[in-house]
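As structure tokens, the structure follows; a few thoughts come after it.
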Amino acid sequence: MQLLTLWHVHQPDYRAAGPSRAPVFSQPWAYLHATKDYSDMAAHLERHPSVAATFNFSSTLLEQLEAYTEQFAKGVPNDPLLQALARAEPGPRDEAQRRYLGDQCFRIKRETMVRRFAPYAALEARTGAAFEGDDAAFGKLPPAYFDDLVTWYHLAWCGEALHREDPVVRRLVAKGERFSLEDRLALFEVVRYTVSGVLPRYRALADRAQIELSLSPHAHPLAPLLIDFSVASQITPGVTLPTAERYPGGLERVQWHIDRARAVFRRCFGREAEGTWPPEAAVSEAVVDQLGDNGFRWLACDEMTVRRSLGDADEPLNTSWWHWGEPKNPAIITRSKAASEFLSFEYSRYAPRDAAVHLLDGVRAIAARHASVGAPPVVMISLDGENAWEHYDANAWDFFEAWYTALDEATDIQTVTPSAWLAAPSTPAPSRLQKLLPGTWIGGDFSMWIGDAARNRGWDALVQLKQAFDAALPRLDAAQREQAAVALGRCEGSDWLWWMGFDEPREAVLTFDRAYKRGLAEAYEAIGTPAPPMEADFSRVGYAVTAPVSTLELATAMARAMGMQITVEVPEGTLQWGDQPTSPAIDEFLERQEAAGWLFHVPAIDVGGAQAAFFKYAEIRIALEKSNVRFFEGRALLATKGIEPGILVVGVDRAAAQRLVDRFRMGVALFAERGQASSLLSFVR
């Protein structure tokens, strides 16, 4: 069998105009992920040259890595966190920097990245009330505390290869506290050469044909929605759409993002990209046609998109290799949702070797199913190349070592890249799709980017900006047009809309909210047009239930939840149970997990009066992903309305279950402790 792994690496454009108009990095995530994740992902492959993989870069990330490299060559980049690390004087320069460091240096996965190091955990313990609004406690923290804090933050963000091999990192970890200016400057140098070396390392891996490099359109736009808002209603009938019928000139704007991404890609890697992971795996027939017009040979998308296109979202696919439309259009490779998401959400809880064995057994089973019907035994795993590893011990180092060693030793698995698979003489023609429904990687729909009041307000503001942009173009010269197009493109990225539906963590949500508003303001400035008044906050932060919930609405929702039959895929197999007095299948699973109880929620079961306050399925899933709560995706057969997706949370008692119900404003959820009958919970009480 053939195994394709595609790692998608992306960061939105965090550059903002500073006081002197020179770009300033408003957030440090591009260089932090480069120091930890992009460097480690390259190191894994450098240690295992027989393992092939694909890396898909967004060009906003590539541009930021270029900018950091250029600024490092001149001194200290225009990034407030790096400036604090390299600051000559001890401690923060003022109260604002104290607050900034106190907030930023605990924006981190504490369980695996802080508490791994006793001195860093001691700094966390010292904060106490200081970062919970106690100004007196905050003022008592000495300058040396902040020098140690910014040093440990960067040490924690060093990749595991640096922790094991770099003498400076090893020395500072051993020292533990009272870091001097010389210590901080030495660590700054480690960050400098690691970040500056990322793109040359990936180019070298591509030059020796161990990896394939692919791209996403420039600012990570939701191409199907830019072209046509109505694709959302094809998947979610009745969804509320923005005020405008469509985004003005969307097809041309998607082409701009493709053209700019290809230019940046050529500059960074000296080659053309043959394939693409469309932003958010969002595809539609119009998008595939446009990619075909641009000569792309392959694209990757989620298997749910193809399942729905075939007419049965629950039926497993018998191949990963598809084609839709004209011959010029790219081949479509579907990722295995189960294998990819066990990597993202589940294997961090396993012993590394056990996780590797389970993963390879799983892809072998998928390949065998394909082969049993005469389809090519090829399986794709695809996910973010940066966000999952913070949930693992040691940045997933031991897991990758076990996995890649197992691949080295496997005689029945060949790792390949999509273009190599396409070019192989033995590769058969892909299966034909008669139609291609729109879809994305999460839930198969567009609910994370459109369809609620918060996100629709964001789209309305973007449409208004585009109309002003079109009106201003005739009076702009070529240089001004390019500057304006870049500023507009930044606002067209998917990341800003993604965060608008959340309300926690509050500061993270508002950070993206402010960045979106700042981007809009800079785009208006670029076209020389005064910016209109903007929303205080585009996001739902602060929004709550605004309409009463009637007894009838609540009773109706509860009636829909009663009698449901639940199916959930877990690593050990498939669980199926109902709301009987006891459910042996789930009880046995809980016992193996040493878990107290379970909660199952179907977001489609809502109560109309409070609908605006509810969290969507995808929002709950993403919020749980960022917590320490263990969950699985599933589905429920309802007595009144067919099959609906649901989420199973395990390891909760009644109090914890009720907190989740309240947190996500669940109209109705089914809860049971191990060995007990299930009961209904609601945030309406």
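The values are calculated or read from the model by the stated rules, or taken from the named source; none is laboratory data. It should be emphasised that the depicted structure is a prediction, and the values quoted were computed from it without experimental measurement. Positions of Cβ are backbone-derived with ideal geometry, glycine not excepted, and every protein chain shown enters the neighbour counts.
Listing for the model above:
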item	result
Matching option when the condition is free of Cβ contacts under 8 Å to residues at least 40 places away in the same chain and either closer than 28 Å to Ile332 by Cα or not aliphatic (A, V, I, L, M) (or both), among Glu70, Glu111, Glu63, Glu46	Glu70
Residue ranges of helices (runs of 4 or more DSSP H) in the stretch 174-236 with at least 1 members without any contact (Cβ under 8 Å) to a residue 40 or more places away in the chain	181-207, 231-235
Ala161 vs. criteria under 30 Å from the mean Cα position of the chain (by Cα), at pLDDT 95 or above, in a helix (DSSP H, G or I) and farther than 20 Å from Asp79 by Cα	yes
Residue list for the stretch 445-461, filter: modelled with pLDDT of 95 or more and more than 30 Å from Glu303 (Cβ to Cβ)	Asp460, Ala461
Members of the stretch 265-290 that are closer than 20 Å to Gln234 by Cβ and in contact with a helix residue (DSSP H, G or I) (Cβ under 8 Å, 6 or more places away or on another chain)	Pro278, Pro279, Glu280, Ala281, Ala282, Val283, Ser284, Ala286, Val287, Gln290
Strands (runs of 3 or more DSSP E) wholly inside the stretch 272-356 that include at least 1 residues being of a type outside the set (A, V, I, L, M, F, W, C) and closer than 24 Å to Met448 by Cβ	298-302, 331-335
Number of the condition not met by Asp361 [criteria: (1) part of a helix (DSSP H, G or I); (2) of a type outside the set (Val, Ile, Thr); (3) within 28 Å of His220 (Cβ to Cβ)]	(3)
Residue selected from the stretch 73-108 under the condition free of Cβ contacts under 8 Å to residues at least 60 places away in the same chain, of a type in the set (Asp, Glu) and out of contact with any strand residue (DSSP E or B) (no Cβ under 6 Å at 6 or more places or on another chain), by the criterion surrounded by the most Cβ atoms within 10 Å (Cβ to Cβ)	Glu95
Matching residues, the stretch 474-485, being more than 31 Å from the chain's Cα centre (by Cα), in contact (Cβ under 8 Å) with a residue 12 or more places away in the chain and either closer than 17 Å to Ser539 by Cα or assigned to a helix (DSSP H, G or I) (or both)	Arg475, Gln480
Strands (runs of 3 or more DSSP E) completely within the stretch 611-685 that count 2 or more residues being touching a residue at least 60 places away in the same chain (Cβ under 8 Å) and farther than 26 Å from Val549 by Cα	630-637
Number of the exception - Arg170 against (1) free of Cβ contacts under 8 Å to residues at least 12 places away in the same chain; (2) part of a loop (DSSP other than H, G, I, E, B); (3) over 26 Å from Ala17 (Cα atoms)	(2)
Among residues of the stretch 484-520, those that are farther than 17 Å from Pro12 by Cα and buried (at least 17 other Cβ atoms within 10 Å of the Cβ), counted	4
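Each row is one residue, and each column tells you yes or no for (1) modelled with pLDDT of 90 or more; (2) of a type outside the set (Phe, Trp, Tyr); (3) within 20 Å of Leu32 (Cβ to Cβ).
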| site | (1), (2), (3) |
| --- | --- |
| Ala96 | no, yes, no |
| Val114 | yes, yes, yes |
| Ala130 | no, yes, no |
| Gly133 | no, yes, no |
| Ala137 | no, yes, no |
| Tyr145 | yes, no, no |
| Leu155 | yes, yes, yes |
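Every residue, every condition in (1) assigned to a helix (DSSP H, G or I); (2) of a type outside the set (D, E, K, R); (3) exposed (fewer than 15 other Cβ atoms within 10 Å of the Cβ), yes or no:
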{"position": "Thr405", "(1), (2), (3)": "yes, yes, no"}
{"position": "Thr411", "(1), (2), (3)": "no, yes, yes"}
{"position": "Trp421", "(1), (2), (3)": "yes, yes, no"}
{"position": "Asn456", "(1), (2), (3)": "yes, yes, no"}
{"position": "Ala471", "(1), (2), (3)": "yes, yes, yes"}
